[in-house]
Amino acid sequence: MILNKEEKNNSNQFLKSIDIGSSSETAIDKEIFIAIHQNETSVLQKFNKLVSKDFIQFHFCLKGNCDLVFNEGSYKLSLSQGKSLLLYNPQRTLPINLINEAGSNVITLLISIKKFHLLFSDEASYITFLSRENILKKYYTEESISPSMSIVLTQLLNFNLNNSVKPLYFKGKTFELLSLYFNTSDEANLEQCPFLVSEANVNKIKLAKDIIINRLSEPPTLIDLANEIGLSLKKLKDGFKQIYGDSVYSFLIDYKMELARKLLESGDYNVNEVGLKIGYSTSSHFIAAFKKKYGTTPKKYFMSLSS
């Protein structure tokens, strides 16, 4: 698809969509657009939109699977649950032809490159497609959706405030989502971290992560964990921070809370059962941890999903 002359002259205007299914669209302003695709049926649903080449596309698959089809069906990119896709091609338009599988939830974010530059002008050195040598090159990347990003996306998915504040709410969540997406740790730079050069050390840290996840209810102490993987306590702490961007304890709490959120969303467990499953012997401790992480209690979160 090629933009006609009128469309090129109005590249910051969002063009009409063709929705064969159930998608809700919110144009926050002329440079930011969000579409939420919830397929609660048993058949495929399609969403088509012609987008100017001046826009960066983000697609987040929260549940199920979807396909993004290009070149009239000759090429497609598949996106599975828990994955995101960034697309940008300043050389040609990338129309959105999204096929959403049954039971899938996908969120699409479009932001103009002009707006994006204003937001991240100081960080262009580490955002690959903003670097001077790549400014005219096409770019796409698939990334995992982090627990923090998942919460923001779920809040967009379950928006239940007055519609008059929707654009403002979505705009704030857009900026929060982008900041989380491009959050990087200087410590995770291989050139600055000799620890990460050692494949054996990296494998030991990954083993440490697997151990605490597999023993979620009764995780080992840091000293016992260090002994089990064969690293000093300091190397365990430093290496874990370098690879996963967080301390062992904070990572475990985030993992527990994300698992708790998913268990609540399933509707198969009550608050007490979820707390026990993720290792809390008392519901009060679980409720306090959940509220500290997400700003609401597990019960209120579950009720918001139901509403």
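The figures follow:
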quantity	calculated
Some residue of segment 128-140 being at pLDDT 80 or above, buried (at least 18 other Cβ atoms within 10 Å of the Cβ) and either assigned by TED's automatic domain parsing to the domain that holds THR93 or touching a strand residue (DSSP E or B) at 6+ places or on another chain (Cβ under 6 Å) (or both)	no
Close pairs from segment 152-174: first in contact (Cβ under 8 Å) with a residue 60 or more places away in the chain, partner charged (D, E, K, R), Cβ under 7 Å, at least 6 apart	LEU156/LYS173
Selection count where residues are free of Cβ contacts under 8 Å to residues at least 60 places away in the same chain and of a type in the set (Phe, Trp, Tyr), scope segment 52-103	4
Residues located in segment 285-307, provided they are surrounded by fewer than 16 Cβ atoms within 10 Å (Cβ to Cβ) and closer than 15 Å to LYS256 by Cα	HIS285, ALA288, LYS291, LYS292, THR297
Only one of TYR75, TYR88 that is more than 15 Å from PHE47 (Cα to Cα) and buried (at least 17 other Cβ atoms within 10 Å of the Cβ)	TYR88
Output for segment 187-202, where each listed residue is more than 25 Å from TYR140 (Cβ to Cβ), part of a helix (DSSP H, G or I) and either modelled with pLDDT under 50 or under 24 Å from the mean Cα position of the chain (by Cα) (or both)	GLU187, VAL197
Answer from PHE251, PHE302, PHE286 - the residue that is in contact with a Pro (Cβ under 8 Å, 6 or more places away or on another chain) and either polar (S, T, N, Q) or at negative phi (or both)	PHE286
Segment 263-278, residues that are under 22 Å from GLY82 (Cβ atoms) and surrounded by 14 or more Cβ atoms within 10 Å (Cβ to Cβ)	LEU263, LEU264, GLU265, TYR269, VAL274, LYS277, ILE278
Test: residue in segment 45-52 that is surrounded by fewer than 19 Cβ atoms within 10 Å (Cβ to Cβ), more than 16 Å from the chain's Cα centre (by Cα) and at pLDDT below 85	no
All positions within segment 83-107 that are within 17 Å of the chain's Cα centre (by Cα) and at pLDDT 90 or above	LYS83, SER84, LEU85, LEU86, SER104, ASN105, VAL106, ILE107
Single residue of segment 11-31 satisfying the filter (among the polar types (S, T, N, Q), loosely packed, with under 15 Cβ neighbours inside 10 Å and within 23 Å of the chain's Cα centre (by Cα)) that is modelled with the highest pLDDT	SER24
Criterion violated by LYS291 - all others in (1) within 17 Å of LEU216 (Cβ to Cβ); (2) assigned to a helix (DSSP H, G or I) satisfied	(1)
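This table checks each residue for (1) over 19 Å from GLY279 (Cβ atoms); (2) part of a helix (DSSP H, G or I); (3) not aliphatic (A, V, I, L, M).
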residue: ASP210; (1), (2), (3): no, yes, yes
residue: LEU231; (1), (2), (3): yes, no, no
residue: LYS235; (1), (2), (3): yes, yes, yes
residue: PHE251; (1), (2), (3): no, yes, yes
residue: LEU263; (1), (2), (3): no, yes, no
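The values are calculated or read from the model by the stated rules, or taken from the named source; none is laboratory data. Since we're looking at a predicted model, the values are computed, not measured. All Cβ positions, even for glycine, are placed from backbone atoms using ideal geometry, and neighbour counts span all protein chains on display.
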